[in-house]
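One structure below.
Just so it is clear, none of the values below were taken in a lab; they were calculated from the coordinates. What you see is a predicted model, and the numbers here were worked out from it, not measured in a lab. Heads up, the Cβs are rebuilt from the backbone with ideal geometry, glycines too, and the neighbour counts pull from every protein chain shown.
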Amino acid sequence: MSLQPEKRTLILLRHSMMPQNAQYNSATMIDYQDQPILEVTGLNIFYGSFQAVRDVSFAVKPGEIFGLLGPNGAGKTSTLSAIEGLLKPQSGRIMVAGFDSARNPLHVRAVLGVQLQATSFQSELTVLEILQLYAGIYGVPMSKERISGIMKDISLEGAESRRFGQLSGGQQQRVSLVIAIIHEPRLVLLDEPTTGLDPQSRRKLWERMEAMREKGHGLLLTTHSMEEAESVCDRIGIVDHGRIIAIDTPQALIEKHRDDPEVISASRRGKITLEDVFIGLTGRSIRS
Ligand SMILES: Nc1ncnc2c1ncn2[C@@H]1O[C@H](COP(=O)(O)OP(=O)(O)OP(=O)(O)O)[C@@H](O)[C@H]1O
Ligand SMILES: [Mg+2]
């Protein structure tokens, strides 16, 4: 929700600001294996006098899929936007691959791949033009074979000449995801990447995320799907009213909270699930 204004323009700007000497280099990834790829410390974000993010701290390691879960308005997109540099936090430190986002924003952007909740491209551009545009910006060679490979990978073979605006919501999402990772970024931010995808596309995306994890990339995603969090996330952070109220592996969270009275009362079928824990911790009321 929110964070809509000028998003498209900002996305284009973001890519065009990448420094020439800060391209992704797979060799450096090995050097940083022990360091968090993302370290957020004491993050505070305000919109005017309203505080959307409160003292948020967490880290994502290379080869880890970290999920941010939280009710609508909890502050997930705001957190991702600050990591990407679209939003200036009032305080806190964001380190990406060893770069301080406040001091080296261009270096941070060069190692980041982002798909925000409402990522969009000019609707009149064709899929091929979008691929070529972003490949060019990142200096990624784009042969005919590579393009067909990508199109096959996102199950849009032969759709190169279709305009972005003519694709279905799920198809658009698949294109924006492939653009987010076209330069093999060391850290990938995905804001509700599977919302609106059909089960086949969702499975495919999970596989792609797992393949990136295998290669040592770090992934930070937000999701409202507890099934997704349990299936693919190594660790999750539950955010409520701008604060992280729990961080652990999905299984450890279930074990830790299975006897909480609120969690037991949220349980529908006797067996405690991650969703029961989530509702037990964040409450039943729908957020305004
Ligand atoms: N540009 C903005 N101006 C003012 N308030 C904003 C702005 N963007 C977000 N907010 C507010 O900040 C809070 C956090 O919003 P955010 O988009 O980060 O939530 P979220 O966790 O991503 O929610 P959702 O699950 O609905 O996507 C909400 O109360 C929202 O209304
Ligand atoms: Mg959001």
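Details
- Distance between segment 128-182 and segment 223-270 - C-alpha centres, whole angstrom: 35
- Checked against a 29 Å cut-off, the cross-linked pairs Lys152/Lys215; Lys144/Lys204; Lys76/Lys144; Lys76/Lys256 give Cα-Cα distances beyond that limit for Lys76/Lys144.
- Equivalent ellipsoid of segment 139-231: semi-axes from √(5λ) of the C-alpha gyration tensor, largest first, are 22, 17, 11 Å.
- Using the alpha-carbon positions of segment 26-162, Rg (one decimal) and Dmax (whole number) come out as 17.7, 52 Å.
- Within the shell of other residues whose beta carbon sits under 11 angstrom from the beta carbon of Glu192, the net charge comes to -1, with Lys and Arg scored +1 and Asp and Glu -1.
- Cβ-placed point charges (K, R +1; D, E -1), dipole of the chain about Cα centre in debye, nearest 20: 500
- Exposure proxy order (Cβ contacts within 10 Å, fewest to most) of Val96, Val232, Val140, Val114: Val140, Val232, Val114, Val96
- Net charge of neighbours whose Cβ lies under 13 Å from the Cβ of Ile279, counting Lys and Arg as +1 and Asp and Glu as -1: -2
- Gain on full stretching of the segment that runs from Gln166 to Arg203 - 0.36 nm per residue minus C-alpha separation: 10.9 nm
- Oblate is the label for segment 76-120. Its Cα gyration tensor axes, ordered a ≥ b ≥ c, give a/c of at least 1.5 and b/c at or above a/b.
- Mean separation of Cα contacts under 8 Å, 6 or more apart, over the residue count of the chain: relative contact order %: 24
- Local electrostatic count, Asn44, Cβ distance below 13 Å [Lys/Arg +1, Asp/Glu -1]: +3
- For Asp240, the residues whose amide H sits under 5 Å from its own are Ile245, ignoring neighbours fewer than 5 places away on the same chain, with H placed 1.01 Å from N.
- Extension gain, Arg287 back to Asp100 (0.36 nm per residue minus Cα-Cα distance, nm): 64.0 nm
- Computed helical MRE - 222 nm, the chain, DSSP H runs ≥ 4 contributing -39500 (n - 2.57), nearest 500: -11000 deg cm²/dmol
- Rg and Dmax of the chain, Cα atoms only, in Å: 18.9, 59
- When the Cα positions of Gln115, Leu128, Ala102 are compared along the charge dipole of segment 58-139, Ala102 comes out farthest toward the positive end, with charges on each C-beta of Lys, Arg, Asp and Glu.
- The alpha carbons of segment 86-194 stretch over 46, 27, 22 Å along the principal axes, in descending order.
- Neighbour-count ranking [beta-carbon atoms within 10 angstrom, fewest first] of Ile147, Ile286: Ile286, Ile147
- Annotation: aspartates and glutamates with alpha-carbon distance below 20 angstrom to Lys271 (same-chain offsets under eight excluded): Glu227, Glu228, Glu230, Asp248, Glu255, Asp259, Asp260, Glu262.
- Temperature 37 °C, viscosity 0.692 mPa s: under these conditions the Stokes-Einstein estimate for segment 215-288, based on its Kirkwood radius over C-alpha pairs, is 254 µm² per second.
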